[in-house]
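The values are calculated or read from the model by the stated rules, or taken from the named source; none is laboratory data. This structure is a prediction, so every number in the text was calculated from the model and none was measured. Every residue, glycine as well, gets a Cβ built from its backbone with ideal geometry; the counts of neighbours run over all protein chains shown.
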Amino acid sequence: MNERSQDHEINRLIDGWRSGDESARQALVTRVYANVRAIAAQSLRAAPGATFNTTEVAHEALLRLLGADPNWVDHRHFFHVAAQATRQVLVEASRRRLADKRGGGCAHLELGAAIEVANEDDLQLVRIDEALQDLANTDPRRAKTVELVYFGGFSRAEVAAALDVSEGTVDRDLRLARAWLRSLIAT
């Protein structure tokens, strides 16, 4: 099956699920599982130090997608939401680990000792997430571009198609968003 007919099939299954067809829901999961695993693998590369494996992140993201209202416009929108779900899985896990290290029912630690215990990768992922949320407030398209590339593993052409912009715009958005995020994370 070529990519165009596969995309059409995913769109058909989304429409079927939206219409209440549970068999379309199950067929959609079967059809997109490998893609969601690839998105999860990319998200893990963007989140060093994560304690999940690809399968765990993919399953958690799919559970979130299956529990949501299937209001996706098409396959591109679905995979964008899947990228957001994998990012959320990783960020929430980092926040939980950081909360546990800050107290979470454990004995009190002095600040210096707590800083040594904190995982820098978890802190970095939380900072990146907060910076992306700030960027989304001021420039949603650039935030989506970063999310699709770094957490979704989308190519420049796929991002351009998903956001209905040129590849040159994707390149400019990435350059500007990376500079903006770096300055925000560094402070």
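Do the conditions hold for SER23, that is, is it more than 20 Å from SER155 (Cβ to Cβ) and polar (S, T, N, Q)?
On the way: more than 20 Å from SER155 (Cβ to Cβ): yes; polar (S, T, N, Q): yes.
Judged against the criteria, SER23 is a match.
Taking segment 161-187 only, how many residues are crowded, with 20+ Cβ neighbours inside 10 Å and more than 24 Å from VAL89 (Cα to Cα)?
2
Kindly evaluate ALA50 against the criterion of being surrounded by 18 or more Cβ atoms within 10 Å (Cβ to Cβ), modelled with pLDDT under 80, of a type outside the set (S, T, N, Q) and in contact with a Leu (Cβ under 6 Å, 6 or more places away or on another chain).
It is true that ALA50 is surrounded by 18 or more Cβ atoms within 10 Å (Cβ to Cβ), modelled with pLDDT under 80, of a type outside the set (S, T, N, Q) and in contact with a Leu (Cβ under 6 Å, 6 or more places away or on another chain).
Just checking, how many residues over segment 19-47 are touching a Leu at 6+ places or on another chain (Cβ under 7 Å) and hydroxyl-bearing (Ser, Thr, Tyr)?
Selection size over segment 19-47: 1.
Restricted to segment 55-86, and to residues that are part of a helix (DSSP H, G or I) and of a type in the set (S, T, N, Q), which residue is farthest from the chain's Cα centre (by Cα)? Talk me through it step by step, then tell me what you get.
Within segment 55-86, the first condition is being part of a helix (DSSP H, G or I), and the residues that meet it are 55-67, 75-86.
Next, from what is left, pick out any that are of a type in the set (S, T, N, Q): 55, 84, 86.
Numbers: THR55: 15, GLN84: 3, THR86: 4 Å.
The extreme case among them is THR55.
If you check ASP134 against the conditions, is it part of a helix (DSSP H, G or I) and at pLDDT 80 or above?
Numbers: part of a helix (DSSP H, G or I): yes; at pLDDT 80 or above: yes.
The answer is yes for ASP134.
Which members of segment 70-89 meet the condition of being without any contact (Cβ under 8 Å) to a residue 12 or more places away in the chain and under 15 Å from ALA38 (Cβ atoms)?
Those that are without any contact (Cβ under 8 Å) to a residue 12 or more places away in the chain and under 15 Å from ALA38 (Cβ atoms): none in segment 70-89.
I want to confirm something. Restricting to segment 19-47 and keeping residues that are loosely packed, with under 13 Cβ neighbours inside 10 Å and hydroxyl-bearing (Ser, Thr, Tyr), which single residue is nearest to SER94 (Cα to Cα)?
THR30
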